[in-house]
Ligand SMILES: Cc1cc2nc3c(=O)[nH]c(=O)nc-3n(C[C@H](O)[C@H](O)[C@H](O)COP(=O)(O)O)c2cc1C
């Protein structure tokens, strides 16, 4: 009898402990959600500033927010027409969420989906640095599949809409030391000054296998591939071509070149 009582008690205590723990875990998840959202937002702002060549390493959260608010102007773009849109608030619109919603995105068919993203949002957000109303830098969000993961990043282009200011990723799951070398400052530095389009206006930027021959006429468009990570390099090349091409920000770039966005 005494034994049965102790089994029931043991189970009761175990269930109670589980209940109390689950309440703590659920409570912590709910309570920490706003902090997580804010940190993600801050990280994105830090990344946009860094790729645009603004700010410095180790800036405080307050300094990042202040510099971002002062220098970066976010605009929503209709990707199909390449026109700026007021249909959504640029500060709160989430293109990645839109890309998952069939009402706000389009499925991409095989050969069109060179970045392997499956769906493309109809509206996206771009970021601009302006001086006296003139475009200094345009920062475009890019994403696409590497070897193991979808890489998310930004490319910053000068006001000439051709010269790269910076390129980098804020999120990916490629292997450290191999595909993860996309984060290597030395590789990232190779991008500054490269030009995206050739004299005919065709997209010419590319990541090649091996090292760029500085004597080559194409050198201005080419960047060294990552050693031992050809598959990630190919993925990065593909995602750049997708987002800078007709299905990505091509229409916006064409409009901006004509002064008509
Ligand atoms: C555990 C492991 C992780 C790897 N991670 C990557 C990676 O993140 N990106 C990549 O392109 N290749 C990665 N590779 C190597 C690829 O399988 C492939 O060999 C490589 O991309 C070929 O590049 P290379 O022609 O420059 O040698 C990995 C291989 C192994 C065994």
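Rule-based calculations on the coordinates, nothing more; no lab input. Predicted model only: the values in this text are computed from it and were never measured. Methodologically, a virtual Cβ is constructed for each residue, glycine included, from the backbone with ideal geometry; neighbour enumeration extends over all protein chains shown.
Quick notes on this structure:
- Rg(Cα) / (2.2 N^0.38 Å) computed for the chain, rounded to two decimals: 1.26
- Among 168, 27, 193, the largest mean-square fluctuation in a Gaussian network model of the chain, built with springs joining Cα atoms closer than 10 Å, belongs to 27.
- 20 Å reach of a label modelled at residue 38, 7 Å along Cα-to-Cβ, counting backbone N of the stretch 65-96: 65-70, 91-93
- With R₀ set to 51 Å, the beta-carbon distance separating residue 88 from residue 6 gives a calculated FRET efficiency near 0.25.
- Cα-based helix-to-principal-axis angle, 2-51 vs the chain, degrees rounded to 10: 20
- Between 0 and 90°, nearest 10: helix 61-71 axis offset from the chain longest Cα axis: 30
- Extension gain for residue 19-residue 258 works out to 79.7 nm (0.36 nm per residue, less the C-alpha to C-alpha distance).
- Of 20, 142, 165, the one that fluctuates the most in a GNM where the chain has Cα springs shorter than 10 Å: 20
- Comparing 48, 208, 157 in a Gaussian network model of the chain (Cα springs below 10 Å), the most mobile by mean-square fluctuation is 208.
- Between residue 206 and residue 63, the C-beta separation translates, for a Förster distance of 35 Å, into a calculated FRET efficiency of about 0.45.
- Relative contact order (%) - criterion: Cα under 8 Å, at least six apart; region: the chain: 16
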